[in-house]
Amino acid sequence: MPRARNLVFFEFLGTTVILFGAFLGSLFIPVGGYNWITPPFVGLAIALTFHKSGAHLNPAVTALVNAMPRKHRIQNGVYGATQFATAGVIGFALMPLLLGVGNVNLVPWGWSPQVVWLETLATFILMTLIAILAINGKAIWTIVAVPGMLYLLALSPLSSNQMNPAVTLAQTVEGLLSPAELLEHFSGEVLGVAVVILWVRLWVIRKRLASTN
């Protein structure tokens with residue numbers, strides 16, 4: 001296992017790059033507009049940290065890795081804690097930059113099944129891509145594959161979703177999402193990655209059974 005301090009530093013660095021890209025996208029892209037800003041930041045974050053920390057940079061990815069062979073739960077706990085802590089710190093740091101911004105509209109408390117469903121579907125699609133690349137030993141291709149998928153999703157009705165609980169938390173701290181929206185998006189992200197984890201676990205079980213026959 002790599003040194004915990006190295007994992008913390010590079011996960012903090014990569015997650016910060018992604019959060020900053022998501023912040024710029026929220027700041028300059030109108031609601032429902034084509035988000036061309038965030039994906040390059042995601043690719044840059046993965047490229048900077050892939051050979052250092054594995055470039056999880058997303059609690060959903062960390063949860064997904066736990067379902068795969070050779071999982072390291074202690075290491076993944078460091079990943080997850082760092083990602084969420086980074087979301088809180090960076091979200092708080094960026095919050096003053098949004099003061100006086102007029103295009104931030106928060107929704108009151110409520111529950112929108114459509115938001116949950118769309119976030120679930122978007123997270124499922126992105127996590128499935130990552131899982132397929134990881135299972136086939138092609139995880140390095142996430143540097144270009146993940147930004148490419150984000151561009152495709154930005155052109156679809158799924159464009160308003162984060163697919164990353166750290167981004168969702170940071171945007172809530174920044175004031176871009178209300179507590180209700182935090183709950184909706186976070187619920188969808190958990191459901192989306194849970195479905196992918198289920199099929200990954202089934203794949204692992206099937207592989208083990210095949211190796212014993």
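Evaluate the relative contact order of the chain (contact order divided by residue number), counting alpha-carbon pairs under 8 angstrom at least 6 apart; express in whole percent.
30
When the Cα centres of region 162-208 and region 107-156 are compared, how far apart do they sit, in Å?
Each part's Cα centre sits 9 Å from the other's.
With everything on Cα atoms, drop me the angle between helix 165-174 and the longest principal axis of the chain, reported from 0 to 90° to the nearest 10.
20
At 10 °C and 1.306 mPa s, grab the translational diffusion coefficient of region 11-84 from Stokes-Einstein with a Kirkwood Rh over Cα pairs, rounded to a whole number in µm² per second.
122
Note down the Stokes-Einstein diffusion coefficient of the chain in µm²/s, whole number, using a Kirkwood radius over alpha carbon pairs, 10 °C, and 1.306 mPa s.
91
Every number in this text was worked out from the coordinates using simple rules, so none of it is lab data. No experiment lies behind these values; they were computed from the predicted model shown.
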